[in-house]
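Here the structure is laid out as structure tokens; the discussion comes afterwards.
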């Protein structure tokens, strides 16, 4: 009882949930677990800050669906972002219902930190729609970082060379419309690689990728040919065909980085902790606990009274072990207690979800079927009907 009375605030941080629209590119199926976690912190005696630390919504891989047709527009307006959001909302209603109950307590606060998969949250019109959906009472915030009570959280993509955004130029104009100014790599992903994700929807959930590539030659060949084709078109075709389109202007310094990744089959994000520490030192931040996302790995470093934590991802991911076993990754969240004397206590907590081990050779025989099986195992009911229909047709 004394511990409760001495608490000023409780802070809960989850990262990289990546809620999509219930399509083959939606990798989040833990609606029940995430909803329960939110509800567990809804009616506490202490005020709670619940932080979604970037990539909460997977706008980047979410298709724009009109009359059943899936497209991935490069020119992202607020109207397109809002349409995608409502598809995400319909696919994951339990999570939004839990958030709505959480924000009814005016002492509680929700923070949606902006990541590289959900830059659409920059649109004020979209922010308004989300606040309306969850019936916010002035306690819902959208920003690039959380910095309160000696706790600092941000997604981390600003320390990743290929995924950082220009905060001074978040929008660009094209044909008199305001569109998102996302990184060149993101433009390339949504317009050239999403059909590969749809073709291999389960394989993309498995780490480490080098091991996946060594057992799945088809996806390696497909990725390499598409990358070579995209680089060639970027250099010799797109600049002429789309001369007036600012989304096709590639920063020249990216070529060397992209070539390095292609050569090494390195399709994942780089480690960002060392870059964060260097910039953190330069900024002379006085905060004590720092939570980063973006890198889908669990990591804790404590040194000289400073703590850096990667709580890992909440999307459906697997670790490839031995030669044929896929083990579902555990979900984690950060819990921080802020005492009245400003003392901090933190803990990285596992949220247990029991799942069966999958054999890799079984999975690659029919990836869409295993997408459905994984969803059923977690009780996720938001898959779109066309997934089942396409499976039946094939």
Would you be able to say whether some residue in the stretch 87-105 is farther than 18 Å from residue 64 by Cβ and part of a loop (DSSP other than H, G, I, E, B)?
yes
Inspect the stretch 306-324 for any residue being closer than 23 Å to residue 50 by Cα, assigned to a strand (DSSP E or B) and over 21 Å from the mean Cα position of the chain (by Cα) and give the result as yes or no.
yes
Name the pairs whose Cβ atoms lie under 6 Å apart, with the first residue in the stretch 271-282 and on the phi < 0 side of the Ramachandran plot and modelled with pLDDT of 85 or more, the second surrounded by 15 or more Cβ atoms within 10 Å (Cβ to Cβ) and part of a helix (DSSP H, G or I), and 6 or more positions between them or separate chains?
272/159; 275/159; 276/159
Residues (surrounded by fewer than 22 Cβ atoms within 10 Å (Cβ to Cβ), under 23 Å from residue 209 (Cα atoms) and touching a helix residue (DSSP H, G or I) at 6+ places or on another chain (Cβ under 9 Å)) located in the stretch 296-314:
299
Within the set of pairs 6+ apart or on separate chains, which have a first residue in the stretch 212-240 that is within 17 Å of residue 195 (Cα to Cα), a second that is not in a helix (DSSP H, G or I), and C-beta atoms under 6 Å apart?
219/200
From the list 32, 61, exactly one residue is in contact (Cβ under 8 Å) with a residue 40 or more places away in the chain and either assigned to a loop (DSSP other than H, G, I, E, B) or surrounded by 17 or more Cβ atoms within 10 Å (Cβ to Cβ) (or both). Which is it?
61
Residue that is out of contact with any strand residue (DSSP E or B) (no Cβ under 8 Å at 6 or more places or on another chain) and under 22 Å from residue 206 (Cβ atoms), where the choices are 68, 22:
22
Looking only at the stretch 105-158, count every residue that is at positive phi and in contact (Cβ under 8 Å) with a residue 60 or more places away in the chain and tell me the total.
3
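The values are calculated or read from the model by the stated rules, or taken from the named source; none is laboratory data. All of these numbers come straight from a predicted model, not from anything done at the bench. Using ideal geometry, Cβ is built from the backbone for each residue, glycine included, and neighbour counts are taken over all protein chains shown.
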